[in-house]
1. Could you provide, to the nearest whole Å², the per residue accessible area of the range 580-628 with probe 1.4 Å?
2. Leu482 to Thr679: extension gain in nm, 0.36 nm per residue of separation minus the Cα-Cα distance?
3. Efficiency by 1/(1 + (r/R0)^6): what FRET value for Ser384 and Glu302, r their Cβ-Cβ distance, R0 = 35 Å, to the nearest 0.05?
4. Please give me the summed charge of the neighbours of Ile374: other residues whose Cβ is under 9 Å from its Cβ, Lys and Arg +1, Asp and Glu -1.
5. In a shell of Cβ-Cβ distance under 12 Å around Leu564, excluding Leu564 itself, what net charge do Lys and Arg (+1) and Asp and Glu (-1) give?
6. Taking the Cα centre of each part, how many Å lie between the range 515-573 and the range 131-151?
7. With r as the distance between the Cβ atoms of Lys149 and Asp648 and R0 = 60 Å, compute the FRET efficiency 1/(1 + (r/R0)^6) and round to 0.05.
8. Can you spot the lysines whose alpha carbon is less than 21 Å from Lys286's alpha carbon? Ignore those fewer than 8 places along the same chain.
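The values are calculated or read from the model by the stated rules, or taken from the named source; none is laboratory data. Predicted, not measured: the structure shown is a model, and the values here were computed from it. Methodologically, a virtual Cβ is constructed for each residue, glycine included, from the backbone with ideal geometry; neighbour enumeration extends over all protein chains shown. All accessible areas refer to the heavy atoms of the entire protein, side chains included, with ligands and DNA or RNA removed. Shrake-Rupley method; radii C 1.70, N 1.55, O 1.52, S 1.80 Å.
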Amino acid sequence: MAGTGGRQRPLVADRRYASRQATQSGAKTPPPGKPKTPRKPRSPRPPRRGGGLSGLVLGLFGFLFAVIWGAVWRATAVVGIILGLATFYFYSQLPDYTALLDGRNRGSVTLIDTNGQVFAWRGETFGGQTTAENVSPFLKNAIIATEDKRFYRHFGVSPRGIASAIAINLSEGRGPLEGNGGSTITQQVAKLLCLGTAYDPKRWKTEADYETDCRSGGIKRKIKEIPYALAMEVKYSKNEILTIYFNRAYLGAGARGFEAAAQRYFGISATNVNPQQAAMLAGLLKAPSTYAPTTNLKRSQERAGMVLALMHDQGYLTDAQWQDARAHPATLSEAAQARAGGYFADWVMDSIPDYFGKNATADVVIRTTLDQRIQTAAEEALKSIFDTKVKDGSTAEAAIVVMSADGAVRAMVGGRKTKVSGAFNRATQAKRQTGSTFKPFVYAAALDLGWTPDSIVDDAPLTINVRGSGPWSPKNYEKEFLGPIPIWRALAKSINTATVRVSQSVGLDAVRKVASDFGFASDLAEGPAVALGVSESTLLEMTGAYAGILNGGSSVRPYGLTDLRLKGEQEPLFGAETGIGERVISEKAARELMWMMHQGVEQGTGMRARLDGRQVAGKTGTTQAARDAWFIGFTADYVAGVWMGYDDNRPLTGVTGGGLPAQIWHEVMARVEEGQPVTPLPMALPEEWRGQPDPNNVYPGQAWSSGDPIPEGGVPVVDGQLVTSDRPVPQAPQPPARQGPQSFGEAIDSMLRQLY
């Protein structure tokens, strides 16, 4: 471009931004070609409302919020650090999970009957390790549905569960941490492990105290429980935590772990339980002793129904499975239902050293002499008599012992409540006066010295001057005197005066020795009244003494243990094959005494004990004022003893040994002998009676008519009367009274007057 004569201006781009100075001053350069529009002045900011006081309050609130927030996040940080350190500490202390599966501080004792069946457990049984992988899926799901449905979704602690539990507790009027704890399964395992604290007998008197302390609530324990649970979640997998739970949880009746519980209640492994059985086991976790099916089966089934509903609601059971499980609730196995031999098991446990029993550190298996068929017969017989013969509300008690002739105890009932353990055992612990059940020892001493059942003794009034006590005159129950009678009739009729005369003739020392050698272990009374059973003994001792008569005159030590061995071992540590000891009286004397006692059942005081078609021998006993009533007797197969009385030693009303005790004995032995081969008693008739039919050796209730053969050794009798027939019935002659040393009626009185 040409100018008009001046210098040419350089070409420059139009300026796009205001100069720094203009920008800083706030001025703007209007675009070229447009007029500059003047800027509208900004409206002044309205003044803040409220004034000084509101501003002060708001300022103070803001300050406090800042302070609190600062304190909270700092405290949270501190708590987090402490929690992390505590979690790390517990994590470092936790062993491999397999070391935590058997948490018992002592072993268990399993008792097996004579047929090889388990009938009782003592201590804490541990059925063996089971894992979350091999346990029944129904059981695994039942536990999760009941105890912790979010188990696989939380990290050991469930704030939602804790908040829910606190709300429930407060709504029911309890403290926030009383009752429902909102604990996860992991937290429950932490309690089972007692937060890593081992049992110390110096700190806790018993293991029960230890576990109670471990399971107690409270804020301190909850605070400690949280990092322990977190540490477990870090250390172990979910299935490993479940495995610890499956093996350590206590489930009632001495069962530790679900395997032991499944075996105890159902007789099967925990790997095989069905939905209803799984629900019952899971239901025990809430309160094992309360919901144990051996304590109350109906209550346990109702609790299981609630668990089944939870399993169904959470999708673990189909509609069909739920309905089927509800319609067929779980029931106990036969062994668990019977709960037989509680008294027997306690007695056996008391007979072994504590380091194999109460304080056992290993699992022990004891084989015993118990026969559950006989045990059931004894329990049912006792219940039958009390249900039908005893008035409602009676607090009278009874005890039963059944044993073989060698002392092997086959059944034991220590009281009317039979499904118990640890209860007072009236068969072994109650020492009571024996009454006339002691009399066979008097006659055993006489027979062993050469007397025979036909030896004559005088049943007449008798007074003995006892040194230090003055004159003593025994009385007969019937308040009458029969005069000179054979001693078999004196025993059969339980005549006191005649028995005292015999004891005085043979000597009280001889009577005491025979009784003691037969197993009458308690202290024998001094003076002539010992012959009438004023000394005290237990039913077990007395039944064992009578077993000595049945076995031919040898002493017996009642026993229940056959052998004891450690679980899994083949060789027993110790055992017993027989309880027979040394001979006490001759076999001849024992067989003659047996015949005399047989007459006591056939025509004496024990007639209510008779068994149709089977020979029985026995003796009744009733103590002074009827405080104790006894019947002890035997067949060729078993000896059984029955005692009846009150625990507070009150007199019985209208009860003698020949009454209810004899009836209980009859009911027991009728059940025991049912279906068994008939074996005659190994008794010996008196010499004068041999070869003669014995009208007393009979079969009560057996009909007899013309053409029937006369039973061997006797003739048929109904209710003590000979049955009439067109066949002449041979009668046994009354044996003549012997002379000399065998006839001593007045001679004894003369001798007693000289001695006293």
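1. On a per-residue basis, 36 Å².
2. Using 0.36 nm per residue and subtracting the Cα-Cα distance, I get 67.5 nm.
3. Calculated value: 0.70.
4. Summing Lys and Arg as +1 and Asp and Glu as -1 gives +2.
5. Details: positive: Arg367, Arg565, Lys567; negative: Asp363, Asp563, Glu569, Glu571.
Taking every other residue near Leu564 into account, the sum is -1.
6. Comparing the Cα centres of the range 515-573 and the range 131-151, I get a distance of 52 Å.
7. That pair, Asp648 with Lys149, gives E of 0.65.
8. Here the lysines satisfying the reach criterion relative to Lys286 are Lys140, Lys149, Lys191, Lys222, Lys298.
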